[in-house]
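Undergrad: Right, I'll just put the structure down here and ask away after.
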Amino acid sequence: MHRKFLIAGNWKMNNGITDSVALVDAIKKRTMEVRFVDMLVCPPFIALGAAYGAAAGSLLKIGAQNMYHEAKGAFTGEVSFSMLRDCNVSYVILGHSERRTIFDESDEFINKKVCVALENNLLPILCIGETEAEREKGATFEVVEKQLKGCLENVSSKRAKDLTIAYEPVWAIGTGKTATPEIAQEVHSFIRGKLVEIFGKNVANSVRILYGGSMKAANVEALLSQPDIDGGLVGGASLVAEEFCSMIEVAEKLSL
Ligand code: 13P
């Protein structure tokens, strides 16, 4: 059976409360008829509650862009899983390349968050992907495998079915340089193979692997037509309702 597509918008550090509500409203209006695609937007922390309120009555889900692994306490500036749950968040993006490079997050640190999210009914979207230099020296598979295994340490097969993986080649993020469908599929299929090794075939076949990196309405169909690409984690193009909704509509069309 085909995995249900997930089209997710990572708004990054864009949109306060007013703009988030306006964007959710616009997406909601245009996607009321969508039935076969999971739809998600991930606004900044401060707008999660308002975005959830604005999405009420639709199938649009709300996700967070990060979280801390401790439940509460003296961790100035951090946000815990229980706080996200309180905002009715369903998904949480973990290990985004911007967190890895700008905020020095390691696989070990991301692993703690993945485990806590899975234990507390938050669906993690684990991001992995190589830099341009790593690809050029032929280290793509090695890097992706190391990140995957490091971030999934101690995750049981039972919990792993709630995982989503996002393959985001760093060289394609915000650059307008999309991976070709063939390049993306090659890595997605490699990731699926590693998931089979770690969790077995059943779980590996049910886990969605999203592509991220300059995905937009113009290239979404070719990417989603690959057998192991199960949706997208969209940055820039998710900030414009028209563009984002066109991508959802393509996914819906491919699901009929
Ligand atoms: P862009 O779609 O802007 O390249 O960003 C991708 C991304 O980082 C999504 O998490």
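Rule-based calculations on the coordinates, nothing more; no lab input. This structure is a prediction, so every number in the text was calculated from the model and none was measured. Every residue, glycine among them, receives a Cβ derived from its backbone with ideal geometry; neighbour counts consider all protein chains shown.
Undergrad: Convex hull over the alpha-carbon atoms of the chain: what's its volume per residue in Å³?
TA: Values: hull volume 29.8 nm³, N = 256.
Spread over its residues, the Cα hull of the chain gives 116 Å³ apiece.
Undergrad: In nm, what is the difference between 0.36 nm times the number of residues separating residue 75 and residue 221 and their Cα-Cα distance?
TA: Numbers: separation 146, 0.36 × 146 = 52.56 nm, distance 4.26 nm.
48.3 nm is the gain from fully extending residue 75 to residue 221.
Undergrad: Using modelled amide H (1.01 Å from N, peptide plane; none on Pro or chain starts), what sits under 5 Å from the amide H of residue 231, excluding residues fewer than 5 places away?
TA: 6, 211
Undergrad: Only residues of the stretch 207-227 count here: report those whose backbone N is under 14 Å from the spot 7 Å along Cα→Cβ of residue 175, or say none.
TA: 212-215
Undergrad: Run through the DSSP bridge list for the chain and note the antiparallel percent, rounded to the nearest 5.
TA: On the way: 0 of 28 bridges.
The antiparallel proportion sits near 0 percent.
Undergrad: For the stretch 152-161, in order, what is each residue's ³J(HN,Hα) by Karplus, 6.51 cos²θ - 1.76 cosθ + 1.60 with θ = phi - 60°, in whole Hz (x at glycine and Pro)?
TA: 3J(HN,Hα) across the stretch 152-161, in whole Hz: 10, 3, 6, 8, 7, 4, 4, 6, 4, 5.
Undergrad: Same structure, new question: Rounded, prolate or oblate: which one fits the stretch 95-242, using the alpha carbon gyration tensor with axes a ≥ b ≥ c (rounded when a/c is under 1.5, else prolate when a/b beats b/c, else oblate)? Can you show the working numbers first?
TA: Numbers: a/c = 1.41, a/b = 1.33, b/c = 1.06.
Verdict is rounded for the stretch 95-242.
Undergrad: A further question on this structure: In what sequence, highest mean first, do 8-15, 164-171 appear when ranked by Cβ atoms within 10 angstrom?
TA: On the way: 8-15: 20.4, 164-171: 24.5.
For the peptides 8-15, 164-171, the packing ranking is 164-171, 8-15.
Undergrad: In Å, what Kirkwood hydrodynamic radius results for the stretch 114-173 from the alpha-carbon pair distances? Walk me through the intermediate numbers first.
TA: Values: mean 1/r = 0.0810 Å⁻¹.
Computed over the stretch 114-173, the radius equals 12.3 Å.
Undergrad: Applying the Karplus parametrisation 6.51 cos²θ - 1.76 cosθ + 1.60 with θ = phi - 60° to the phi angles of the stretch 42-58, what ³J(HN,Hα) value in whole Hz is obtained for each residue in order, glycine and proline being reported as x?
TA: For the stretch 42-58, the Karplus curve yields 10, x, x, 3, 5, 9, 4, x, 5, 5, 4, x, 5, 7, 3, x, 10 Hz.
Undergrad: Given Cα pairs under 8 Å that are at least 6 residues apart, what percent is the relative contact order of the chain?
TA: 22
Undergrad: Residue by residue through the stretch 20-34, what is 3J(HN,Hα) from phi via Karplus (6.51 cos²θ - 1.76 cosθ + 1.60, θ = phi - 60°)? Round to whole Hz and write x for glycine and proline.
TA: For the stretch 20-34, the Karplus curve yields 5, 4, 5, 5, 4, 4, 5, 5, 4, 4, 7, 10, 4, 8, 6 Hz.
Undergrad: Taking a cut-off of 23 Å, what percent of all Cα-Cα pairs in the stretch 25-126 are separated by more than that? Working shown, then result.
TA: Numbers: 1435 of 5151 pairs.
When every Cα pair of the stretch 25-126 is considered, 28 percent fall beyond 23 Å.
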